[in-house]
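> Pasting in a structure now, in structure tokens, and then I'll have a few things to ask.
Laboratory data are not the source of any read-out in this text; all were calculated from the coordinates shown. None of the values given here were measured: they were computed from a predicted structure. Ideal geometry is used to build each Cβ from the backbone, glycine not excepted, and the neighbour counts take in all protein chains shown.
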Amino acid sequence: MRARVVVTLCVVVAVLLAGVPWIASPATIEFGINMLLLAALAQSWNIIGGYTGYPSFGNSVFYGLGSYGTAVAMLSWQLPFGVGLVVGAVIAVVFALLLGRAVLRLRGHYFAICTLGVAEVMTAIVSNLEITGRNQGLVLPLLKGNVLFYELSLALVVVATLVVWWIARSRFGFGLVAIRENEEAAASMGVDTTRYKIFAFAISAAIGAVAGGIHAYWITFIDPVSAFDIGLNVKMIIMAVFGGPGSILGPVVGAFVLSAISEVLSSEISTVAGLFFGIVIVVAVVFMPRGIADLLRRFHTYRWRYFAANVRATRV
């Protein structure tokens, strides 16, 4: 019964969000596009970081590959935008399959550092390729259609959430959770840990690449530094962790809440906005390390003891 209520509420929220562009101002629509793309990216990280337990700092690589794949397909090969999105996603998935076989052998901070290095390497490579415009970047044709990009971004969030919902209820998802909790035990129980991790990496790459392609055509300009921005990867991690890693709706809620607060701080107190995400990291790790999703699930039972228990658990 509770699950049915949650599903109904999600459908209603999605329908309401779909109608926003028809009544909102252009500035609100632009904010909505950014917020929805961040929500999709947070969900993409949730698959590899939340369910599989591998703290990736390389998801910005998939975002960048999707951006450049879409741009190159449209500019150099004269393909339509929809086909360009597919090209960017395929490039990112192939890269994830090849990269995953190597880097997913690492764990913990070794994996995080390695993926961080990959992002820096990709920035340098793209900066020296003629087809990608080198350091000057690429300029895409202008399309005045904020409503189109808003609806595409919303559709991507819905698809990403449905994918996470499937993962959470599938044998594949149970295998990922087993890997997160104890990879050696999962392998001893028959879970093909290598195949599961690579598949999760590829799904995460596809979602991130499509988000990058949508954003590239929306802003009509990309360059290596912005396309492979590590700061974007940090944002998606913070939003996923704040909302609840390893949950279905947590990353989306985290992205919506933090995007709204960040927007208010940026417009009202710009000097404080830069510190906001750093404060969120501290609050999330110390007081609610499992995110908003776990807080809503357990607060009615433990009340304020919930925060005290988390503080004791994280005390050094």
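> Residue 47: net charge of surrounding residues, Cβ under 13 Å, Lys/Arg +1, Asp/Glu -1, itself excluded? Don't skip to the answer; put the middle values down first.
Values: positive: 180, 197; negative: none.
Once positives and negatives cancel, what remains is +2.
> What is the extension gain from residue 296 to residue 177, computed as 0.36 nm multiplied by their sequence separation minus the C-alpha to C-alpha distance, in nm to one decimal? Working shown, then result.
Details: separation 119, 0.36 × 119 = 42.84 nm, distance 2.10 nm.
Full extension of this stretch gives 40.7 nm more.
> For residue 221, what residues show an amide H to amide H distance below 5 Å, using hydrogens built from the backbone and excluding near sequence neighbours?
Amide H neighbours of residue 221: 140.
> In what sequence, highest mean first, do 12-19, 232-239, 99-106 appear when ranked by Cβ atoms within 10 angstrom? If you can, show how the numbers build up before the last one.
Working: 12-19: 12.1, 232-239: 23.8, 99-106: 17.1.
Averaged packing, sorted descending, gives the order 232-239, 99-106, 12-19.
> Now for a separate question. Using the Karplus curve 6.51 cos²θ - 1.76 cosθ + 1.60 with θ = phi - 60°, work out ³J(HN,Hα) for each residue of the stretch 82-99 in order, rounded to whole Hz, and write x for Gly and Pro.
Those phi angles translate into x, 5, x, 4, 5, 4, x, 5, 5, 4, 5, 5, 4, 4, 5, 5, 6, 5 Hz.
> FRET efficiency for residue 287 and residue 28, Cβ-Cβ distance as r, R0 = 45 Å, nearest 0.05? Write out the running numbers ahead of the final one.
Details: r = 31 Å, r/R0 = 0.69.
That gives a FRET efficiency of 0.90.
> Compute the distance in nm between two label points, each set 7 Å from the Cα along the Cα-to-Cβ direction, one at residue 147 and one at residue 97.
Roughly 3.9 nm, to one decimal.
> Quick one: dipole size for the chain, taken about the Cα centre, charges +1 on Lys/Arg Cβ and -1 on Asp/Glu Cβ, in debye to the nearest 20. Don't jump to the answer; show the numbers that get you there.
Numbers: 20 positive and 13 negative charges, 243 e Å.
Its charge dipole is roughly 1160 debye.
> If I model a spin label as a point 7 Å beyond the Cα along the Cα-Cβ vector, how far apart are those points for residue 261 and residue 162 in nm?
The two pseudo-label positions are separated by 3.1 nm.
> In whole angstrom, note down how far apart the Cα centers of the stretch 54-133 and the stretch 1-41 are.
Value for the Cα centre distance between the two parts: 28 Å.
> Let me ask something else. From the Cα trace of the stretch 25-229, what convex hull volume per residue do you get, rounded to a whole Å³? Write down the numbers at each step before the final one.
Values: hull volume 22.1 nm³, N = 205.
Measuring per residue, one finds 108 Å³ for the Cα hull of the stretch 25-229.
> Classify the stretch 123-174 from the C-alpha gyration tensor, please: rounded if a/c falls under 1.5, else prolate or oblate depending on whether a/b exceeds b/c.
Details: a/c = 6.16, a/b = 1.61, b/c = 3.82.
Oblate.
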